[in-house]
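Participant: Here it is, the structure in full.
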Amino acid sequence: MKTASFLVIIFIISFSSTAQNLNGVWRGTLTQGPGGCFRVYNIELNIKTENGKINGASYHYSDVTNYVKEDFGGNYNSSNKSLNINELKVLTFHVPPDCIPCIKQYSLFYEKQDNKEVLTGDWNGVTMNNTASCPPGKITLARVAESDFEHIKEIKVDTGTIRLDFYDNAQVDGDIITVLLNNQPLASNQKLTSKPITLEIKVDLVNKEQEITMVAENLGDIPPNTALLIITAGNKRYQLYLTSTEKKSAQVRFIYEDPRSTQ
């Protein structure tokens, strides 16, 4: 009886050791046949798994200012280490006018290559307006520590006017910032203090997405350059802590969501 129990325990340990944890960020490249907007571009899958089911968000992008964000679902077969992922809908996008986002399906396989975890496979899909097939291609991903979009906050709003109040975070140490709206200066070389730098932006059905970037003009007496941003959007209030360095700026994207569409 003890031997049988011991064998059962060994079997359970052996079985669980083969179950692969896929949770996390996977980044790589995606190729596309002739007729696509880009022949090769970047892709990220932020994967969450539970009991063989997969969900998460994907980013397709040439850079973090030109991107499509979608949510997805699917399943993972641990016996052959295969993943089937279906993008469900476009959440938001910022792409050139002649590009149409594509809703994709992925057939992927997990493996280790020289201690590097990778997902490889094929994809196909249809355009967002469902009028044409997207030129299919290949996809190669590797597990990474964090997303290229980690420092970008996204906030959905249902009001036209948004108030932004920038304060120095914690100790006032001489931080100087420039604030950009869609890469255009909104406030230049402003010193952060205990009194706010107050700005207003507008979002609506025409301008559904507005991107604020906080650029560090210096690092202050206590690097990095940090700010407390209080956002007032109608009767909603948000508090964000932003950090900018000489190499990376902090970004916040405001996405207008028509309140009538959520009723």
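Computed from the coordinates by the stated procedures, all read-outs in this text should not be read as laboratory data. Keep in mind that what you see is a predicted model, and the values were worked out from it rather than measured. Glycine gets a Cβ as well: all are built from the backbone with ideal geometry, and neighbour counts include every protein chain shown.
Participant: Average projected area of the Cα convex hull of segment 152-262, in nm²? Before the final figure, lay out each step's value.
Facilitator: Values: hull surface 26.5 nm².
Orientation-averaged projected area of the Cα hull: 6.6 nm².
Participant: Same structure, new question: Please give the Cα centre distance for segment 217-248 versus segment 196-215, rounded to the nearest Å.
Facilitator: Taking the Cα centre of segment 196-215 as reference, the centre of segment 217-248 is 15 Å away.
Participant: Can you give the Rg to Rh ratio of the chain, both from alpha-carbon atoms, with Rh computed by the Kirkwood formula? Walk me through the numbers before you get to the answer.
Facilitator: Details: Rg = 22.5 Å, Rh = 21.1 Å.
Checking Rg against Rh, the ratio lands at 1.07.
Participant: Below 8 Å between Cα atoms, with a sequence gap of 6+, how large is the relative contact order for the chain in percent?
Facilitator: On the way: 599 pairs, mean separation 36.2, N = 263.
Taking the mean separation of contacting Cα pairs over the length of the chain, I get 14 percent.
Participant: Which residues' amide hydrogens lie under 5 Å from the amide hydrogen of N124, considering only partners 5 or more residues apart or on another chain, with H built in the peptide plane?
Facilitator: Answer set, sorted by chain and number: Q105.
Participant: OK, next. Largest first and in whole Å, give the semi-axes of segment 2-144's equivalent ellipsoid, each being the square root of 5 times a Cα gyration tensor eigenvalue.
Facilitator: Values: eigenvalues 242, 40, 32 Å².
The answer is 35, 14, 13 Å, longest axis first.
Participant: Pulled fully out, how much extra length does the chain show between Q184 and E246, if you take 0.36 nm times their separation in residues and subtract their Cα-Cα distance? Can you show the working numbers first?
Facilitator: Values: separation 62, 0.36 × 62 = 22.32 nm, distance 1.85 nm.
Taking 0.36 nm per residue and subtracting the Cα distance, the gain is 20.5 nm.
Participant: Could you give the dipole magnitude of the chain about its Cα centre, charging the beta-carbon of Lys and Arg +1 and that of Asp and Glu -1, in debye to the nearest 20? Each step should come with its number before you reach the end.
Facilitator: Working: 26 positive and 29 negative charges, 147 e Å.
That gives a dipole near 700 debye.
Participant: What residue among A170, S78, S188 has its Cα farthest toward the positive end of the dipole of the chain, where the charges are +1 on Lys, Arg and -1 on Asp, Glu, each on the Cβ?
Facilitator: Positive-most Cα among the choices belongs to S78.
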